[in-house]
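Engineer: Could you have a look at this structure, given as structure tokens, before my questions?
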Amino acid sequence: MPAGPTRTGWKTRGVRDRIETSSGLLLRPWCARDVTAVLNAFAEPVMRRQAARPVGSAADAERWLEEREASRAAGSSFAFAVVGADGAVLGNVQVAALDRTHGTGWVSYWTTAPARGRGAATGGLRALVPWAFRELGLFRLELGHRTDNPASCRVARAAGFAVEGLQRQKLAYDGVRYDVELHARLAADPEPAQRPRP
């Protein structure tokens, strides 16, 4: 039975915190032992846009992990480390901006440089979606990506997220504004077909 919304947020008791996928990936909560993995992930220049504050030291990585843990405990967002069969952290999937009135959430994802092109983002997202619908009782999940990021678009489409529109010049990085393509998936939508890996 889904945990469902409460007056103050989503219940966390009884919500599964580990999700195994048919492709061998594991989604689990981030934990203190992931400091090095987080630090390595955010050392890549393109990843610096994925954090509200720079993650350039072990202390920064510890704070990032503590924020994920606090948000999970409060029921305000749920981030999972996407882990390979060998135990290596391959990326992150998260559902946040939970709206208990309307049953909606905002999804985001990223992968480490070595994991790109290996299906970690797609596998992680495909596992997160049914979890968010069943465990949290959400009905609609949304995500957005810059229009100059076709890889993120492929992940969204492979996980069954339909394109719904364009948000013009929504994001600004280094003085440049970027359009964002909005995608969404409903609990009532059919499961997307599994695509064979090339």
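The values are calculated or read from the model by the stated rules, or taken from the named source; none is laboratory data. Note that this is a predicted model, so its numbers are computed, not measured. Here Cβ is always computed from backbone atoms with ideal geometry, including for glycine, and neighbour counts include all displayed protein chains. The accessibility values were calculated without ligands, DNA or RNA, using every heavy atom of the protein model including side chains. Shrake-Rupley method; radii C 1.70, N 1.55, O 1.52, S 1.80 Å.
Engineer: What number comes out for accessible area per residue over segment 62-198 if the probe is 1.4 Å? Units Å², please.
Structural biologist: It amounts to 50 Å² per residue over segment 62-198.
Engineer: If you don't mind, there's one more thing I want to ask. Go through S22, S108 and list them by solvent-accessible area, largest first, probe radius 1.4 Å.
Structural biologist: S22, S108
Engineer: Report the label-to-label distance for N149 and A74 in nanometres (one decimal), using points 7 Å from each Cα along the Cα→Cβ vector.
Structural biologist: Using points 7 Å along Cα→Cβ, the separation is 2.3 nm.
Engineer: Continuing with this model, one more query. May I ask you to evaluate 6.51 cos²θ - 1.76 cosθ + 1.60, the Karplus curve with θ = phi - 60°, for each residue of segment 142-150 and list the ³J(HN,Hα) values in order in whole Hz, giving x for glycine and proline?
Structural biologist: Using θ = phi - 60°, the values come out as 10, 8, x, 9, 4, 5, 8, 10, x Hz.
Engineer: Specify which residue in the list T104, L136, Q194 is farthest towards the positive end of the charge dipole of segment 100-198, using unit charges on the beta carbon of Lys, Arg (+1) and Asp, Glu (-1), about the Cα centre.
Structural biologist: Q194
Engineer: For the chain, set up a GNM with springs between Cα atoms under 10 Å and report which of G124, G175, G103 has the largest fluctuation.
Structural biologist: The residue that fluctuates most here is G175.
Engineer: Given R₀ = 41 Å, what would the calculated FRET efficiency be for R16 paired with Q167, taking r from the Cβ atoms and rounding to 0.05?
Structural biologist: Efficiency, rounded to the nearest 0.05: 0.80.
Engineer: 5 Å is the cut-off here: which amide hydrogens, built 1.01 Å from N in the peptide plane, fall below it relative to A43, excluding neighbours closer than 5 in sequence?
Structural biologist: Correct list: empty.
Engineer: Rounded to a whole number, what % of the accessible area of the chain do carbon and sulfur atoms account for, probe 1.4 Å?
Structural biologist: Answer for the chain is 51 percent, counting heavy atoms of protein chains only.
Engineer: With springs connecting C-alpha atoms under 10 Å apart, model the chain as a Gaussian network and identify which of A121, A41, A32 has the largest mean-square fluctuation.
Structural biologist: Of A121, A41, A32, the most mobile in the Gaussian network model is A32.
Engineer: Something else now. When the dipole is taken about the Cα centre of the chain, and only Lys, Arg (+1) and Asp, Glu (-1) are charged at their Cβ, what size is it in debye, to the nearest 20?
Structural biologist: Roughly 260 debye, rounded to the nearest 20.
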